[in-house]
1. Give me, ordered by chain and number, the residues 5 or more places off residue 76 or on other chains with an amide H under 5 Å from its own placed amide H.
2. Given the Cα-Cα distance of residue 106 and residue 194 and 0.36 nm per residue of separation, how much length would full extension add, in nm?
3. Taking every Cα atom in the chain, find the radius of gyration and the maximum pairwise distance Dmax, and write them in Å.
4. Just how large is the dipole of the chain about the Cα centre, in debye to the nearest 20, putting +1 at every Lys and Arg Cβ and -1 at every Asp and Glu Cβ?
5. Full extension from residue 22 to residue 214: what is 0.36 nm times the residue separation minus their Cα-Cα distance, to one decimal in nm?
6. What lysines sit close enough to residue 66 to cross-link, taking a C-alpha to C-alpha distance under 29 Å and skipping anything fewer than 8 places away on the same chain?
7. Tell me, how many Å apart are the Cα centres for segment 4-73 and for segment 361-419?
8. Based on alpha-carbon centroids, what's the gap between segment 154-181 and segment 222-262 in Å, whole number please?
Amino acid sequence: MRVVVLGAGIIGTSTAWHLLQRGHDVVLVDRQPDAALETSFANAAQISVSYCEPWANRQAPLKALKWMFDKQAPLLWRPQWDPAQWRWLLQFLGQCTDRAFERNVAQLVSLGAFSHATLKQMVAETGIEYQRSERGIAHVYTDAKAFEEAAGAAELMRRHGVQRRVVSREELLRLEPALAFSQQPIVGGTYTASDEHGDAREFTQALARRCAQRGAELLFGHDVERLEVAGGAVHGVQVRARDDGRVRTLQGDAYVVACGSYTTPLLATVGLRVPIYPGKGYSATLALREPARAPQVSLLDDGRKIAISRLGERLRVAGTIELGGFDLRLDTPVAQARCRMLLQRIEELFPGAADTRPPEQGGDPQFWCGLRPATPTNIPLIGRLPLQRLWINAGHGTLGWTHGAGSGRALAELLSGERPAVAMDFVGIDTGGGRPRRAQPASATA
Ligand SMILES: Cc1cc2nc3c(=O)[nH]c(=O)nc-3n(C[C@H](O)[C@H](O)[C@H](O)COP(=O)(O)OP(=O)(O)OC[C@H]3O[C@@H](n4cnc5c(N)ncnc54)[C@H](O)[C@@H]3O)c2cc1C
């Protein structure tokens, strides 16, 4: 089959790779000059199979209301005159129950485990290097009351087969000695040795090159303008070159939409509505000043709900989510407050480890923001859409790097008529009665 994959972030590129592995011809299209230049560019780098709890939980609505006027809050909802935002919010609220939370965690863990195994296999096959570190992920608590609740969260994950364990302050400092320098009181944490981290951009760009070596056509610098639909089927994709404006129509036997947050506006042009909404997040990548004071284990800071990962001689700190539309500005008061918070927190937890001076004081922090393609459940949409030949692989929210390898493989398997070995619901796919198909608000509707 000839398959046209739209979007070369981690998801589209991984999809292309797994399609090639199954003998398909692939065209991989992106508007940027290389792969992974949008949301997969500078994320928190964590392959966090075991830290996959969705934002939608019983406490989320109250917390979100409380945080509405705090520019540095972990979750910031900025109301827009946009029905898509309100629809998404209503669906999100519907997921804020214990039952929905547990059900969503089960699927996220299942996809995470499948994806991690797939990633390891891909690394073994390709030899791609991407600042990979297999030292696990630790969740660090600076507040005693919050730490008391950590045991419950760890127990929930263990029920789903994840070996997350509670560790005392002493054990945490043995695992990550750099925390001894913290100016905040470290009260304890949880730790999962099997998690890892590495640079998503480096991996994705190297994978795109491997795809080209295997015969894929990489059509970068091309905007996808529209899907050509007639008689309930897709017959082509119209793309326009960014350099000379040339328009062409790509044809294939199947089309996979993997455009991250932009999947929603693209599918809306052919009357399909999917519950994917942009969740803006920020990162800062810092040069190290004193490597011995910088962490080696990838961390989640419970106090600020941010993640910290060492990438060779750099330290990446990332997090927060802002629901306010397709806004990629870094110079708004909210964006600046969030970027400042990331630098302050590094200085509090790892004083002197990295160059946290803002640009106006001679520092060179590499600030970045990206739009997480968020679904109300945090479960991605993988499967077949209600137009012939049209498939989707999008909506990976906070976990696209963790779930990228497996999502690409799952879509390639579905498209090839195979059944992926992962216990989750796929869009538009009848699981054959082996497992009941749960109704998901994240299902695509025409
Ligand atoms: C601050 C932050 C921290 C994060 N940390 C982590 C983490 O630690 N671990 C983790 O697992 N996940 C993390 N994530 C989430 C992860 O980065 C995303 O889920 C993932 O990058 C989404 O990948 P994607 O391929 O779906 O989207 P993208 O990477 O955005 O790829 C979509 C591609 O489609 C292209 N495109 C879109 N529209 C068009 C069009 N019309 N024409 C042509 N091309 C188009 C874009 O150019 C883009 O390259 C984080 C995200 C953020 C923002």
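Read-outs throughout are calculated quantities, based only on the coordinates presented, and are distinct from any laboratory measurement. Remember, predicted model here, so these are calculated numbers, not experimental data. All Cβ positions, glycine included, derive from the backbone under ideal geometry; neighbour counts span all protein chains shown.
1. The list, which skips near neighbours in sequence, is 321, 322, 323.
2. Numbers: separation 88, 0.36 × 88 = 31.68 nm, distance 1.77 nm.
Net length gain for the segment: 29.9 nm.
3. 21.1, 65
4. Result for the chain is approximately 740 debye, rounded to the nearest 20.
5. Between residue 22 and residue 214, full extension yields 68.0 nm more.
6. Counting by Cα, and skipping residues close in sequence, residue 66 has these lysines nearby: 145, 280, 305.
7. Answer, in whole Å: 5.
8. Rounded to whole Å, the Cα centres lie 47 Å apart.
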